[in-house]
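Bear in mind that the values in this text are calculations on the coordinates, not laboratory data. Just so it is clear, the structure is predicted and the values come from calculations on it, not from any experiment. With ideal geometry, Cβ positions are generated from the backbone for all residues, glycine too; neighbour counts draw on all protein chains shown.
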Amino acid sequence: MRYDVWAPRYARIREEFGFPLAREELAAATLESLLKPSDRAAPLERLRRRIQGRDVVVVGLAPDVGPPPVWRLPSSYQRPALIAADGAAERCLEGGLVPDIIVTDLDGPVPSEVTANQRGSLVLVHAHGDNVPALERWVPEFPGELAGSWAGAPRSALIDVGGFTDGDRAAYLAEELGANRILLWGFDFRTVGDVGEPDRSRKLAKLSWAQRLLEQLSEEGRAPLLLWARDGSLTPYGRKRVESTR
């Protein structure tokens with residue numbers, strides 16, 4: 001997504017959640033300083049080589065879903081690319097799958113992301129105002145290829161192609177990188193972990209935004225956005241999904 005289209009949407013998110021721009025900029029500068037020169041170079045081009053022209057499964061972390069059953073897809077299809085949203089990387093590894101890309105702000109089980117990175121996953125690390133300590137703790141631990149993103153105007157070393165949470169940001173990334181189709185596996189916008197009520201309300205508000213942003217992507221994107229259900233069905237996501245079932 002073009003940044004001039006995305007920026008007003010994120011401005012509304014920033015206003016709703018009270019994200020100070022200065023903290024976002026500090027996090028971005030911190031991430032840039034931690035990335036190796038090779039990880040600061042041409043991030044979109046490096047990511048695109050893994051995705052362009054392929055079906056992409058974006059793996060979320062809905063409870064009790066498990067890793068995506070890629071073996072169920074028709075054998076005539078090229079193996080789909082996998083983009084894991086944060087903690088879903090661990091779920092993929094448990095199923096014997098190594099994600100092509102991991103999109104993370106480092107608030108999940110990061111050791112599994114380090115392991116996947118060692119096995120060949122490109123990890124796209126997202127900087128935001130609340131994760132500077134996590135950036136400093138974990139970015140140096142990754143032995144493999146990294147790229148960086150943040151929520152402001154794209155820089156030479158940091159991308160911003162739209163999206164807010166790890167899951168919807170992964171779908172926006174797949175669209176930007178030229179995916180053929182985008183299959184959403186393990187997405188749940190109503191369930192959060194065992195947290196206190198203030199955190200629960202805030203997480204649910206973030207998930208509500210993620211759902212809205214994916215609906216916008218389904219309307220505006222080039223690649224079909226499909227919900228992959230446990231029964232194996234693939235249905236158009238968002239309003240197109242509703243229209244297709246009338």
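Work through the residues other than residue 42 whose Cβ is under 12 Å from its Cβ and net out their charges, Lys, Arg +1 and Asp, Glu -1.
+1
Give, as a single signed number, the net charge of other residues whose beta carbon lies under 11 Å from the beta carbon of residue 228, with Lys and Arg counted +1 and Asp and Glu -1. Summing Lys and Arg as +1 and Asp and Glu as -1 gives +1.
Other residues within the sphere of radius under 9 Å centred on the Cβ of residue 106, judged by their own Cβ, net out at -3 (K and R +1, D and E -1).
Taking the helices alone, the chain has a mean residue ellipticity at 222 nm of -13000 deg cm²/dmol, built from -39,500 (n - 2.57) per DSSP H run of at least 4 residues and averaged over all its residues.
The slack in the chain from residue 220 to residue 94, taken as 0.36 nm per residue of separation less the alpha-carbon distance, amounts to 41.9 nm. Contact order for the chain, expressed relative to its length and based on alpha carbon pairs under 8 Å spaced 6+ residues apart, stands at 23 percent.
A Förster radius of 22 Å, combined with the Cβ-Cβ distance separating residue 41 from residue 141, puts the computed FRET efficiency at roughly 0.60.
Using the Karplus relation 6.51 cos²θ - 1.76 cosθ + 1.60 with θ = phi - 60°, the per-residue 3J(HN,Hα) values for the stretch 144-153 come to x, 7, 10, 9, x, 9, 7, 9, x, 4 Hz, with x marking Gly and Pro.
Test of understanding: what is the full-extension gain from residue 153 to residue 64, defined as 0.36 nm times their sequence separation minus their Cα-Cα distance?
Contour length minus the Cα-Cα distance gives 28.4 nm.
Using the count of nearby Cβ atoms within 10 Å as a rough guide to exposure, how do 217, 234 rank from fewest to most? So the ranking, lowest neighbour count to highest, is 234, 217. Rg and Dmax over the alpha-carbon atoms of the chain stand at 16.9, 52 Å.
Here the simple spin-label model places points 7 Å from the Cα toward Cβ, and for residue 205 and residue 230 these points are separated by 3.1 nm.
Taking amide hydrogens as placed 1.01 Å from N in the peptide plane, the amide H of residue 147 sits under 5 Å from those of 123, 124, 125, each at least 5 positions away in sequence or on another chain. Comparing 212, 54, 202 in a Gaussian network model of the chain where C-alpha atoms under 10 Å apart are linked, the largest mean-square fluctuation is found at 202.
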